[in-house]
Every structure is written in structure tokens, then in C-alpha cells.
There are 4 protein chains.
Amino acid sequence: VSTPQPPFFTYTRRVQFAETDLAGIVHFSMFFRYLEEAEHAMWRAAGIKIAGDPNGYHWPRVGATCDFKRALRFEDEFEVRIRVAQMRSRTIHYACDVVCNGAVAATGTMTSACVRLVNDRMTATEIPEYVKAALTRVTAA
Amino acid sequence: VSTPQPPFFTYTRRVQFAETDLAGIVHFSMFFRYLEEAEHAMWRAAGIKIAGDPNGYHWPRVGATCDFKRALRFEDEFEVRIRVAQMRSRTIHYACDVVCNGAVAATGTMTSACVRLVNDRMTATEIPEYVKAALTRVTAA
Amino acid sequence: VSTPQPPFFTYTRRVQFAETDLAGIVHFSMFFRYLEEAEHAMWRAAGIKIAGDPNGYHWPRVGATCDFKRALRFEDEFEVRIRVAQMRSRTIHYACDVVCNGAVAATGTMTSACVRLVNDRMTATEIPEYVKAALTRVTAA
Amino acid sequence: VSTPQPPFFTYTRRVQFAETDLAGIVHFSMFFRYLEEAEHAMWRAAGIKIAGDPNGYHWPRVGATCDFKRALRFEDEFEVRIRVAQMRSRTIHYACDVVCNGAVAATGTMTSACVRLVNDRMTATEIPEYVKAALTRVTAA
């Protein structure tokens, strides 16, 4: 797993009560939601739409990973630092660090495919240039 | 709040780890999901579809309440006992008991409206007879 | 249901993707999490702790209700306006409005009890004065 | 990612409404909850406790991955097939297949560490023999 170096996009968030479990820490599945929230905040900042795109693109998840290093607890404020680690013709691969109090709590990745509905079936397609340009712009220093 | 008397429909479930919070008990918002799971199990048992109905009916929630009496904990097995407390022309009102180890853990209600899309807008409409009949049948005896 | 009038505390939030369901709108159970997030933000602003209180107080939920008036959708930004509608000796009753684009999307209530662990059992107890004072202060104009 | 071959443990589940998102399919973060539910069902079947162990062992997650191949939809019934892919002295590595209608919907892994609280700090420790024996037994043909 490669960890984000600048440039990256930063999303700030606070741990909510319902996100913890009986072990007193954030449930591991929540980290994947934090990564996604960061991705969507990055898309909004880039001026592009991950859902409801007028050109009919969809971005289903094809893979996700996370390594957990330190627990997050109720009311912790943390950052997700996200960058596009690899832009292929039909998939985007994100690398993320979850950082709390100066330490990396988790390192994660997500991979999404670019698809369009053709005869009601999701069909892999080329990532449009305006998406590539917008994501490059938003993570530039 | 009226509590379910027979006839009712029974849905059985076990508490999952991620449904607990740092207090070591099931988060209160999860009870609403348990009530809904019971409702949907009842609809399946009744042979009707709450989503993807071929006649275009939708059932948005218009209200929900829950009173919490005893905590549920990880791995507890419990029942949701659900019945149609009131069937109006355009709304269904459910009453539910969540029962664990012979004691009522929570008492809840949910109210849903019957709507159809008319010119892309949700419009309240009469509950069709086949839905009324199916829900009556499944909670009888 | 009484609706919040000033003074109230305002919590601002954006709808996240995972909070929607196949109907394309926020799942009704999420509204209860939004109400709780507002409550906890109010406690933080008031300088008091709803979890990890050094004096050993806990605040289990004894009831919650919500009426749903308008759907919330992905990326909607909304406010939860919360106030203490009734402070009894051992329970706090909150009233909330969820407001999006100037319209009330939902109206909810939550009631919590003040308890302390006595011999490992939750026992209802008087709400301490510093909590009452802090919550009054934070919602004052 | 290695995929489960017999012997494995099988956990059966149905997709619930609140687990879907606006794309009409199960949100990717839910798959990690499905894997965990399967793990916990396996531990129960093996007669061991993943939470509340009387010997004070805890099993924090150190990593998780998932590859998504086919969408799951509301009311789909599916199996999680889980096995211990690697048992090291202090970590357990699980491999899982999520199977629906005879096709693999997702392939995932989870890694947990064995820890004990020493002076209030989680400290990695050897996995006890009774856990190893129980997990071997439950996945044997």
C-alpha cells in the first residue's frame, strides 16, 4: 500500500457515537465510509458529480482495502488524506491516510470502475477527460 | 402506544457486533432497523413486495416511534412481533414489540403512506385491496 | 410534537452516500442518528460530556420519535435545530427540526434518562445542576 | 486473494433494505459487516467467544480487503463462506467468498490480532490453543 504524499485532498470529520462498537472504538467497517466520504468531498471540490452525472457515468466500487494501525474513539477529530494513486483508462485507484492527532490511524485504498448503462447493463467505459482534469486540479498543491 | 396482541407476525434476529456502541449495548437507531426488517419479512411472508412492486406502489415512512425498556447486547437473540394496528385508506400503522428472553426490550410503531409516482411526484393514493388482504392473512391465526 | 423555537442549538450536516437507500433518499433510521449528532454537538458546545463523564453519569435513551415530511437526498446540506423541550428531575426531553432548503424535512424528539451505575446496575438519578446550567446556557440566544 | 475451498464455514443471510444505497445495490461497506457476521457465527458454532472472553483475549482487526464482482440487491439471499486461511502465532487471517445464486459476488479477507490488556494497553499475545483447536474443528468437513 502506497501512502498519500502531497498533493492530496483533505477531508475533516469527527467520530460520532453510533460509529463506535462495544469495544469502545470505531468499528472497522466505518473506515470504509470515511474513505468514501473523503472521495465524495474531493469530487464536490472538483466540481464533478459522482452520482447523478448528466452524462450517465457511474462509478461502482471494484475493490477496497484498509490496514488499521490505531483506534479512533468517540469525538476524535481526524483527517482523511486522499489522492488518486493511479488513473487507468477505465478505473481510478485512490490511496488514503486516516490521520488523528498527528498519527496515521489507518491506511486504505479504493478502486472504482467507470461504467455506463448500455441496454440496462453496466458496461465498462473510458474515464472522460473532464473527470481526469478535475481530479488532477483538485489535488494539485 | 398499543402493544401487539396476537395475531401478529414474528421475526427472529440476533444482535450483531457492529450494531452495538461504546456503551456496550445496541444503539437506539438500530431498533428502527429491526422494526423495518420485521415489516419486510412480514410482506415477504404475505407474498407482496414493498420495493419493486409491479403496480408502481411505494411506501414511504411518515412516522416512527420507539420506547426503550431494556438494553439488547451482542449475540442476544430476540423477536420482533409486528401487527397492523390500523389500516387506513392511505396509510398503514404498525405496532411492534421487541422481545428478548421473555421480556419486552422495546415497543415501537411505524406509519407508512401508500403513494404512486404521478408525473414524477409521489402522490398519496388508496392502498390496494390485495395488499390489505395479504397483510390480514399473514397475521391471522 | 412541539417544534423548536429559538433559542435552539444548530447543527449542520451533509447527507452522505451510504445514508441513502434504494429509494434514492435518506433511510428513515438515519434521521435518528442526525438528531443524536445534534444532541452531542450541543453537549460539546456546552462543555459537558455525554460519554466518559468523570462523575459517572450515563444518559440512556428511553424514547425517540420522528415524523417525516420531506425526503433528504445525497449531498443535501441540512440543519438540525435542537432544544431542551422539557427538563425533568431525571429525564431530558429534546425537540428537533431537520431543516433543508428552508423547509422542515422532519420533526423529532428524543428522551434520555440520567443514570449512574450502582453495584453494576443502571439506576435513575437526579440530573446534576452543572448539566442543567450548561444546556440552558448553550441554547440561550 | 485465495478463495475458500472446503472446508469452510457457511453463514446465510438476506440483504436488508437499509443496506442498499441510491444506486439500488448493497453499499460496499456492508460487505465487511457480512464478513464479520460470518466470522462471529463461526466462533459461536465453535463454542468460543470473540467478545467477553473470560480469559481476557480481544481480537482487534488489523486489516481487511474486499473485491466486488457482482452487486447484491434488496432481499437477495446469499452465503458467506469463510475459512481460516492462515493461523500465525498472533494473528488470524480469514478468506471469504460471498456467494449469491451460485455466483461469487465478492471475495474478501480479514486479519485480526490476538491481544490482551496489560496495564490498560492492548498487547499482542499468542493465540491460545483452545481457540486454534475450536476454529479448526468447526471448519473441518
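Details
- With respect to the conditions (1) assigned to a strand (DSSP E or B); (2) in contact with a Cys (Cβ under 6 Å, 6 or more places away or on another chain); (3) within 29 Å of B:GLY24 (Cα to Cα), D:ILE127 falls short on a single one, namely (1).
- Against the list (1) more than 15 Å from the chain's Cα centre (by Cα); (2) on the phi < 0 side of the Ramachandran plot; (3) modelled with pLDDT of 95 or more, the condition C:ARG121 fails is (3).
- Residues satisfying the stated conditions in segment C:1-37, i.e. more than 19 Å from B:ALA64 (Cα to Cα) and free of Cβ contacts under 8 Å to residues at least 60 places away in the same chain: C:GLN16, C:PHE17, C:ALA18, C:LEU22, C:GLY24
Yes/no matrix, rows are residues, columns are (1) over 22 Å from A:PRO7 (Cβ atoms); (2) out of contact with any Pro (no Cβ under 7 Å at 6 or more places or on another chain); (3) hydroxyl-bearing (Ser, Thr, Tyr); (4) surrounded by fewer than 20 Cβ atoms within 10 Å (Cβ to Cβ):
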| site | (1), (2), (3), (4) |
| --- | --- |
| A:PHE32 | yes, yes, no, no |
| A:LEU35 | no, yes, no, no |
| A:ALA46 | no, yes, no, yes |
| A:ASP53 | yes, yes, no, yes |
| A:HIS58 | yes, yes, no, yes |
| A:LEU72 | yes, yes, no, no |
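- Check on B:THR107, in contact with a Pro (Cβ under 9 Å, 6 or more places away or on another chain), part of a strand (DSSP E or B) and at pLDDT 95 or above: yes
- Every residue from segment B:11-40 that is out of contact with any Phe, Trp or Tyr (no Cβ under 7 Å at 6 or more places or on another chain), more than 10 Å from chain A (Cβ to nearest Cβ) and among the charged types (D, E, K, R): B:ARG14, B:ARG33
- Residue selected from segment B:82-94 under the condition in a loop (DSSP other than H, G, I, E, B) and out of contact with any Ser or Thr (no Cβ under 7 Å at 6 or more places or on another chain), by the criterion least open to solvent (accessible area, probe 1.4 Å): B:SER89
- Extreme residue, farthest from A:ILE92 (Cα to Cα), among residues of segment A:41-63 that are of a type in the set (A, V, I, L, M) and within 7 Å of chain D (Cβ to nearest Cβ): A:ALA51
- For D:ALA71, the conditions (1) touching a residue at least 12 places away in the same chain (Cβ under 8 Å); (2) more than 10 Å from every other protein chain (Cβ to nearest Cβ); (3) part of a loop (DSSP other than H, G, I, E, B) all hold with the exception of (2).
- The residue that is farthest from A:PHE32 (Cα to Cα), among those in segment A:100-130 that are hydrophobic (A, V, I, L, M, F, W, C) and surrounded by fewer than 17 Cβ atoms within 10 Å (Cβ to Cβ), is A:VAL118.
- Of the residues examined, C:GLU79 is not one that is of a type in the set (D, E, K, R), modelled with pLDDT of 95 or more, within 15 Å of the chain's Cα centre (by Cα) and open to solvent by less than 10 Å² (accessible area, probe 1.4 Å).
- Subset of segment D:94-118 [under 19 Å from D:HIS58 (Cα atoms) and more than 19 Å from the chain's Cα centre (by Cα)]: D:ARG116, D:LEU117, D:VAL118
The values are calculated or read from the model by the stated rules, or taken from the named source; none is laboratory data. Keep in mind it's a predicted model, so treat the numbers as computed, not measured. No Cβ is skipped: glycine too gets one built from the backbone with ideal geometry, and neighbour counts run over all protein chains shown. Surface areas here come from the heavy atoms of the whole protein model, side chains and all, with no ligands, DNA or RNA. Shrake-Rupley method; radii C 1.70, N 1.55, O 1.52, S 1.80 Å.
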